[in-house]
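Engineer: Quick one: this structure, given as structure tokens, is what I'll be asking you about.
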Amino acid sequence: MRQFHFLGNPVRESYFEQPMPNESSIKSIKSPAEKLSATQLERLCNEAEQLIFNNFEGARSRFEKVAAQISKSTSAEIRLKFLLGMAFLENQENRYWEAIVFQEKAILILEKTGQTHFLADALTDLSALHANLRNFEISENALRRAEKLLDVADLPALRGRLATRDGFLKLQIGQIREALERFLEAERLLLGLGETAEKKDFYFLSLNYSGLGELYNRLNEKEKSVLAYLQALKVSENQDLRPRLGHLFLNCGRALLANDKAADAQFYFENALRHAGPGDLNLKTHGQINLGIVAFLKSDFDKAFQFYSEGLLFYQNPSNPQDFNNLSILESLLTQLFLETEQVELAEEHFQKALDWAVKCDDFQNLLAVCTTIAEVQAQQNDFQSAYKYQLLAGEIDRRIAEKSKEIEIRDIETRYELEKRRQEAREAKLRLTGLQLRALRAQMNPHFLFNALNAIQGQITSGRLDAAETHLAKFAKLMRRTLDYSDWEVVSLETEISFLENYLDLNQKLRFAGKMTCKIFVHPDLETEDVSIPTMIVQPFVENAIEHGLRPMSGGDLTVKFTLIEAENMVLCTIEDNGEGYNRSREKKLTDPSFSIHKSKGMEITRERLDLLHQQQGQNAGKWVKILDLEEISGGQKRGTRVEVLMPIL
């Protein structure tokens, strides 16, 4: 079967070479107008926001009226709506530098006003703009900054949008598996919004399906690609996202054509043309030419020639590599058409034009098969000299394609390496920071424990129980020395950690609770405690939390700590269970009494963060490494207390 390169971008946000804008190009949208009040400006912005996903022209005309009125005295809210709206519109028109100027001005306002969630959303959109310009490092940094802002917020909509952008970034740099994970995560989050979803969420859902369509296309899973594009189209039609419809019809047609369904593809290409706006020349061109390919496959050569010729008319003044590439593809399609109709001289003429355009954009991918076909035709006509010439040229084109592919591959590998290196450096820096924070916390172990332990030892001394005092003072000193040692360790054997816990619990049991607390530590037989290494002092903050919140209010109780091997995942599961007040009751008390163990809440938060980072370093995907369960709740009132399950990586 002949090889065709179907025109039309599979993803709306594609890269075009563009110059950096100057201030005059941004200010040029302003024009003198009658002075409008703040209320009128706000109304115009609100109207533009309503139109921005289904009527670009209407939205832009309103924003232009606002632009003519904006001054330093204009409220931050109006300026913000204007800047974000214009950034979105410029992005849709592929004017990425102009969009970045608007977006960065909006981000400056958001940083000053401290609107964290809006800032995260704006940074997510800024990431896409830089990704379109192949500024992958800047794009990555913007995403990570947005991610950090959303760390403590339960905002599935913003997380879904961020996951979509991250999926596109990973797709662009060739991290296909990671891109698929992010797209599927975004789909789950955005579909889960239900009735709370906004127009922008549906826009992102449609965009996300488009990303999946392109991803499956790269994996050569043609049917999945078709289904994903159809899903994107369905969402856009249902939500009246009209400006996206033309390109989505085009993408569906391309996917169907690649899946050898030319008759079905024709319907979508025709609809793409119907939805093309007056100024959307790219969409018109791509629709025309792909209809020409359909006609060619049906052997309707006159119709194919008509479509190709009309396509050429859109490129009277080609100015960028994308134009040159499209012209090269067009001329190569005309070459194939004339070869099929046995007009070899015309075929050679158009092939030379295709070659000239390919040189300008340094993209010869679409010419190799055509050049080889010309050589075969010349050989069949016994023109072996010409056949040999084209065969040599095919070899040269093949070499150029291989060189460029290698350059792209090397560049992509370098990009992935640099991004991963920076991620790793960021994780390590964060880990070092949490390590320092933990050192500070370890150095100030729970003051209740320290006071009660020393007070109890003092009581033993004054009452004449010197042997007991000496024993407990030695254990206390050993515990303090071990705590200081741990401040410099990141990893310990499970055996050492258990020994530390036994000493700590023994002192709590005999000194702080005067024997009213029982403690047991269980180790699964499969665990070789001396050979298994775990992060230092991960367990102790959770044990102390159980004592502080569960048993202290009850003046005693039972505490068990169990260690189990999760061999398949190279982890140790530690379960800490008490029969104290219970998690829910303790949380209520904490809310009503601000002085209730503030210190350890910080320790728990840092320990959770440290666990996340340690699992990431071990190559684990994001997960819930700490689970806190209220026994009264899960037992239907049969038991009371709290169970904490902690998954630690084996290091």
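Engineer: So for the pair GLU345, GLN458, with labels modelled 7 Å out along Cα→Cβ, what separation do we get in nm?
Structural biologist: Roughly 11.3 nm, to one decimal.
Engineer: Next question. Between MET554 and GLU223, what is the label-to-label distance in nm when each label sits 7 Å out along the Cα-to-Cβ direction?
Structural biologist: 5.8 nm
Engineer: Further question: What nm distance separates the two modelled labels at GLU195 and GLU418, each placed 7 Å from Cα along Cα→Cβ?
Structural biologist: That separation, rounded to one decimal, is 4.9 nm.
Engineer: Report the gain in length on full extension from LEU108 to THR564: 0.36 nm times residue separation, minus Cα-Cα distance, nm rounded to one decimal.
Structural biologist: Length gained, LEU108 through THR564: 159.1 nm.
Engineer: Determine how large the accessible area of TRP625 is when every protein chain is in place; take a 1.4 Å probe and give Å² rounded to the nearest 10.
Structural biologist: Result for TRP625: roughly 30 Å² accessible.
Engineer: Separate question: When the accessible area of segment 35-141 is split by element with a 1.4 Å probe, what percent falls to carbon and sulfur?
Structural biologist: With neighbouring chains kept in place, the figure for segment 35-141 is 52 percent.
Engineer: Another question about this same structure. For GLU497, GLU567, GLU418, give me the order by solvent-accessible area with a 1.4 Å probe, most accessible first, ignoring ligands, DNA and RNA.
Structural biologist: Largest to smallest exposure gives the sequence GLU567, GLU418, GLU497.
Engineer: Okay, moving on. Could you tell me the distance between the Cα centroids of segment 285-307 and segment 381-416, to the nearest Å?
Structural biologist: Rounded to whole Å, the Cα centres lie 27 Å apart.
Engineer: Extension gain GLN352-LYS303, at 0.36 nm per residue separation less the Cα-Cα distance, in nm?
Structural biologist: Full extension of this stretch gives 15.3 nm more.
Engineer: Pull out the extension gain between ASP526 and ALA514, defined as 0.36 nm times the separation in residues minus the alpha carbon to alpha carbon distance; nm, one decimal.
Structural biologist: 0.9 nm
Engineer: Same structure again: How would segment 538-579 be classified by its alpha-carbon gyration tensor: rounded, prolate or oblate, with rounded meaning a/c under 1.5 and the a/b versus b/c comparison settling the rest?
Structural biologist: The shape class here is prolate.
The values are calculated or read from the model by the stated rules, or taken from the named source; none is laboratory data. As the structure is a prediction and not an experimental result, all values here were calculated from the model. All Cβ positions, glycine included, derive from the backbone under ideal geometry; neighbour counts span all protein chains shown. The accessibility values were calculated without ligands, DNA or RNA, using every heavy atom of the protein model including side chains. Shrake-Rupley method; radii C 1.70, N 1.55, O 1.52, S 1.80 Å.
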